[in-house]
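Everything below concerns the one structure shown next.
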Number of protein chains: 2
Amino acid sequence: MIEAARVTDVLDGRWPQLRRELRERLAENKAADTARLDMDAYRALVTDQLRELAGARHARLGFGRAHGGEGDIGGSVVSFQVLGYGDLSLMVKAGVQWGLFGGAIQMLGTERHHARYLPDVMSLELPGCFAMTESGHGSDVQHLRTTARYDNGEFVVNTPDDDARKDYIGNAARDGRTAVVFAQLILDDRSYGVHAFVVPIRHADGRPMPGVRIGDCGPKAGLNGVDNGRLWFDNVRVPKENLLNRYGDVTDDGQYTSSIESDSRRFFTMLGTLVRGRISVAGAAGSATQRALTIAVHRAQSRRQFRRPDSDTEIQLLDYLAHQRKLLPALAKSYALHFAQDELVQMLHEVQGTPEPDPIAQRQLESRAAGIKAVATWHATRTIQTAREACGGAGYLVANVLPVLKADTDVFTTFEGDNTVLLQLVAKGLLTDYRDNFADLSPLATARLVAEQLMGSVLERIAARQVIARFDDDDLRSRAWQRSLFEDREQHVLSGLAGRLRAAASSGTDPFDVFNDVQDHVLLAGRTHIERLVFDAFDAAVGQCADEEVKALLGQVLDLYALATIEEDRAWFLEHGRITPARAKKVIAEVNALCKQLRPHAVTLVDAFAIPRQYLA
Amino acid sequence: MIEAARVTDVLDGRWPQLRRELRERLAENKAADTARLDMDAYRALVTDQLRELAGARHARLGFGRAHGGEGDIGGSVVSFQVLGYGDLSLMVKAGVQWGLFGGAIQMLGTERHHARYLPDVMSLELPGCFAMTESGHGSDVQHLRTTARYDNGEFVVNTPDDDARKDYIGNAARDGRTAVVFAQLILDDRSYGVHAFVVPIRHADGRPMPGVRIGDCGPKAGLNGVDNGRLWFDNVRVPKENLLNRYGDVTDDGQYTSSIESDSRRFFTMLGTLVRGRISVAGAAGSATQRALTIAVHRAQSRRQFRRPDSDTEIQLLDYLAHQRKLLPALAKSYALHFAQDELVQMLHEVQGTPEPDPIAQRQLESRAAGIKAVATWHATRTIQTAREACGGAGYLVANVLPVLKADTDVFTTFEGDNTVLLQLVAKGLLTDYRDNFADLSPLATARLVAEQLMGSVLERIAARQVIARFDDDDLRSRAWQRSLFEDREQHVLSGLAGRLRAAASSGTDPFDVFNDVQDHVLLAGRTHIERLVFDAFDAAVGQCADEEVKALLGQVLDLYALATIEEDRAWFLEHGRITPARAKKVIAEVNALCKQLRPHAVTLVDAFAIPRQYLA
């Protein structure tokens, strides 16, 4: 049997030392028994823990060296990922403070903001909020309705009505002293679109600032150590300098200036710089999923139920095919997503490490972040649910952690971008080949753009037929065959979608219906693209693995990821003549065979996540 | 637009007056704000509510008239279903008291137990527990390890070790005064299998009885108003009369007697009488799902996001195809399951209303209860999750109910029988044609029994080909075509499974592997059987509907249930040549078309559930 530590070495990827250090630090913590704390006590505890964390590297990793940070953007995401093995309220609260609040100041502000705020952000001297979402607008951020009207050297911030109050804002209900508020910048009665403003919301003693009203979102499904709240602004005046002015500013004589002319393009550029939040959520979702799988696999190994026929020994749960089916394909997908996440973090590290990043690379990063976030958080929701069920009654007890994981991660699928909206963003990027500002294109404009480009579908169909001819008699574990299925599906779905949009655009269909009628197809295009990227990332990681035994084991895990994914979508492959019915049945049988083959390694594969023990009980 | 009340009349089925009365009673309640209560306060509240309920019809419905009950077994399940619209902790606590505890005394005891206990059970004078599950044995109840040794006119109850402690027992941690304890009846060092004993566990003042140790399961994912606990017995002596002796007894001179000779057959007969618990869980799962859908559909109707192209109006969420796809097929399935549940309750009412029920009918009832429970609770878990996501951040706030529904229902998939185990029970019943005691058959014995019977698969394949030939050019909404797909799939899956088992049984495969290698096929056989039953039940209900407009609407809902189910499993239909790839694609398009068509009726369809408003927050 391979030692788990050898697999851990492969999983540790590009930031091995940092990961080890952070894991060791986490292992020293005592896992607090938060289940019996009421909301107030839990919030207080998390705030204390956050203060402790402020003294550690986590708080500094992502900020520039000039202000006392370490300038390691990728490392800062890795750090969130490791925090994700522990209490997720703490992870989210840290994410709000150093990721969202600090990140917005860093990415949207300029030197004067960095110098003034970042040291206090890192030290938690200045606890802050990221006040973007409103009750009425979450996904459609461009149409937020909070206003910041320029008036004589100041901005006046207002909440026009309850529908425009800031909602679900982390750190707002209890601790936040300052908020980065996203609002329509209005100058001479014209809006220049959404900009970010630094707005003090509380005195040091906790009283709200004049004109600021603060509400409490109250108990949530999970993450009750985070004080989510609501904010209303009534003629709150802040100096002009509080505008985070990297992408737009108001001159001393009251003129709006920006390096980006289009309001909408500017807005999406600003939004794009905040991509790290999504990547961190994807990473934390991965950690929570790994934790759930570790718990469920260990229980399936120790728990026995029903006797072996003609014998008194009882059968380990993990020996049942149905139980393997529940846990092992999910485990394989967690491996795949782990490597895809690592690749994504490296992309982020490179793009944001460049002073003037290539716009195409920036958009590809955004698209990939959106897609991986959606796929990873849905995987978390589904897998943690399955892990809970696989542990039966024990899995329902808070003492066994799974209910907490389920409740805490549940919001991941909809915060930092609703998954359904995010997958559509991915598809739009693909359809427009990341041209210009695809996030802002209307459905009809997208369809028209699509009409201009794109390969003939006939050629593509011929290529697909060759794929089948070449591989149909081969081994299902042929990596080349697997890859061809992932690639071919992605291309075919996309070109089919382009064709449908092109047809609709020229047929006079109602502009809303143009996109809406194909929305399921759009989502499929996003998903199949991401699944191919995830496959490639896992494939590349296996290819680079120097430890031959580990490489062989991970190769089987990759086979299981690939074939279980193909199995799940085999209706599509059958409908499009990519596999024969006989071969589809063989795929099912092969997934069963791989489950049986990997079953003895299941404990090794979860132990390789190296999650500190106190978070598994 | 059809009024919701007209649809309600159809949904109310066989117990319309009772349903109306119970709904009206529920509507008078104030929905308590339980989110801020700690566990102890929540438990106390639920106990108070239970006491109130003890004065109402709910407590009496299921018990015999001779002891003050109403003798309406079906009505008692309907009553749980209506309670399921409210606080689920109260529903479960009521289920423990009057369903499980009282039900066990009623079904397994004899007149002396009925006369002595039932009045106090109904009035809650005697709060009780149903102590079956042990830490080590939940699904495999036959091998429970608690013992009740006969000794000189008494039984001596013992917990041999911690693994055999009674676990997750509702009403045990705080309120229960007496438990029905399931234990191996041992007489002269021989076990006669598991029997049920009435064992006092607490004095009226709350102290445990001598020899009884009581523990607390602590906080759970949900249902924290229910005091689940653990019980250990150390030489606890109870009089011989405390054995619930309907199926087995010990004579005054210390001889074991029973009308059923085989220990195992006797055990499964006893277990079979307790089927009402599962049926009640299925019903409550249905109610919770309906509640979640009502909340999510109303929000999707009122919530708008993103502007209509070239316009300032924003689009209602429910106008998006992706949103319709999330909610409407789930809603259609909820309708289907509602009618299937109604049919099941009637079956229960008839079988248990007969003094000596036909054994085959009894086994069919058990099988159907197991299958509907599995399908309905998985549907609940999935749909409530989807509803939560469909409501975004708002859906994560406890104030909006969905997190509570998710957490409270989560255990439904594994309590009162683990769903995976239950579906296997369904398949075994089918394989053995409900002969004798299929629940007790070993895998190998099942396989051998199967080898003796069953139709040639060639004939069956020809029949299937005719099915396709006859319908392939027809309308996808042809009910006959839909039915033929459900029936044909069920038969083919079952006969294929029988074939594989027969082959394995004669090939010298390891007896464990015989069943385990086909476990996914076994589960499929169970599921496809239940899906056909559910289709039939919905079809019958539509057929009987006297209101023509409602009938037409429900016909479309049935179309959506049928086609969405076929769509979900279309890989199977493709693999087995039941539909062509072109037709499979048409099924997808038709599901989209049905979503669009039903969209204007979505609010009517959820309002028809008539859930009291205060439970929709």
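Each reported figure results from applying straightforward, stated rules to the coordinates on display, with no laboratory input. Computed from a predicted structure; not experimentally measured. Cβ: placed from backbone, ideal geometry, glycine included. Neighbour counts: every protein chain shown.
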For the stretch B:122-132, 3J(HN,Hα) per residue [Karplus equation, 6.51 cos²θ - 1.76 cosθ + 1.60, θ = phi - 60°, Hz, x = Gly/Pro]: 4, 7, 6, 4, 10, x, x, 10, 10, 9, 9
Calculated from backbone phi, Karplus (6.51, -1.76, 1.60) coupling profile of the stretch B:574-585 in Hz, x at Gly/Pro: 5, 4, 9, x, 7, 9, 8, x, 5, 5, 4, 5
Helix A:479-505 vs. chain A, principal-axis angle (Cα, 0 to 90°, nearest 10): 50 degrees
Cα-Cα P(r), chain B, percent of pairs per 20 Å interval: 19, 51, 27, 3, 0
Estimated 222 nm signal from helices in chain B, with DSSP H stretches of n ≥ 4 weighted -39500 (n - 2.57), rounded to 500: -18000 deg cm²/dmol
Local electrostatic count at A:R570 - Lys and Arg +1, Asp and Glu -1, tallied over other residues with Cβ under 13 Å: -2
7 Å along Cα→Cβ, label-point gaps from A:D475 to other copies, nm, shortest first: 5.3
The stretch A:188-267-the stretch A:71-110 distance, computed between alpha-carbon centres (Å): 20 Å
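Could you work out how much longer the chain between B:S507 and B:D358 gets when fully extended? Use 0.36 nm per residue separation minus the Cα distance between them, nm to one decimal. Please report the intermediate quantities before stating the final value.
Details: separation 149, 0.36 × 149 = 53.64 nm, distance 3.66 nm.
That pair, B:S507 and B:D358, stretches by 50.0 nm at full extension.
May I ask you to give the average projected area over all directions of the convex hull of the Cα atoms of the protein assembly as shown, in nm² rounded to one decimal?
Numbers: hull surface 185.3 nm².
Mean projected area of the Cα convex hull: 46.3 nm².
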Degrees, to the nearest 10: A:548-568 long Cα axis against longest axis of chain A: 80 degrees
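Using only the Cα atoms, work out Rg/Rh for the stretch A:284-351, with Rh taken as the Kirkwood radius, to two decimals.
On the Cα set of the stretch A:284-351, Rg over Rh gives 1.22.
So what's the net charge close to A:A584: Lys and Arg +1, Asp and Glu -1, counting the other residues with Cβ under 10 Å from its Cβ?
Numbers: positive: A:R570, A:R578, A:R583, A:K585, A:K586; negative: A:E567, B:E575.
Within the 10 Å Cβ shell, the charges total +3.
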Local net charge near A:Q324, Cβ-Cβ under 12 Å (Lys/Arg +1, Asp/Glu -1): +1
Whole-angstrom Cα spans of the stretch A:178-245 along principal axes, big to small: 42, 27, 20
DSSP beta bridges in the stretch A:72-198 [antiparallel fraction, %, rounded to 5]: 65 percent
Cα→Cβ-extended label distance, 7 Å offset, between A:D162 and A:R51, nm: 3.6 nm
Acute angle (nearest 10 degrees) that the helix B:39-54 long axis makes with the longest principal axis of chain B, alpha-carbon atoms: 90 degrees
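How high is the FRET efficiency from A:R308 to B:E241, r the C-beta distance, R0 51 Å, rounded to 0.05? Provide the component values of the computation, followed by the final result.
Values: r = 39 Å, r/R0 = 0.76.
After rounding, the FRET efficiency stands at 0.85.
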In Å, descending, principal axis extents of the Cα set of the stretch A:210-350: 91, 38, 20
Between the stretch A:561-586 and the stretch A:1-57, the alpha-carbon center distance in angstrom: 40 Å
Amide H partners (placed H, <5 Å) of B:L61, local residues excluded: B:E70
B:D216 long-range amide H proximity, modeled H, under 5 Å: B:R230
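Full-extension gain between A:E28 and A:A445, please, as 0.36 nm times their residue separation minus the C-alpha to C-alpha distance. Spell out each step's value before the answer.
Details: separation 417, 0.36 × 417 = 150.12 nm, distance 5.47 nm.
Using 0.36 nm per residue and subtracting the Cα-Cα distance, I get 144.6 nm.
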Volume per residue that the Cα convex hull of the stretch B:31-262 spans, once the total is divided by residue count, Å³: 127 Å³
Inter-label distance for B:Q544 and A:A66, nm, one decimal - labels placed 7 Å from Cα along Cα-to-Cβ: 7.7 nm
Phi to ³J(HN,Hα) by Karplus 6.51 cos²θ - 1.76 cosθ + 1.60 over the stretch B:309-317, Hz, x for Gly, Pro: x, 6, 7, 9, 6, 9, 8, 5, 3
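Efficiency by 1/(1 + (r/R0)^6): what FRET value for A:N152 and B:L616, r their Cβ-Cβ distance, R0 = 60 Å, to the nearest 0.05?
Working: r = 49 Å, r/R0 = 0.81.
After rounding to 0.05, the efficiency reads 0.80.
For the stretch A:1-132, what is one quarter of the convex hull surface built on the Cα atoms, given in nm²? List each step's numbers first, then the result.
Working: hull surface 38.7 nm².
With every direction weighted equally, the projected area is 9.7 nm².
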Two-site label geometry, A:E261 and B:A582: point separation in nm, points 7 Å out along Cα→Cβ: 5.2 nm
Cα centroid separation, the stretch B:478-533 to the stretch A:351-403 (Å): 36 Å
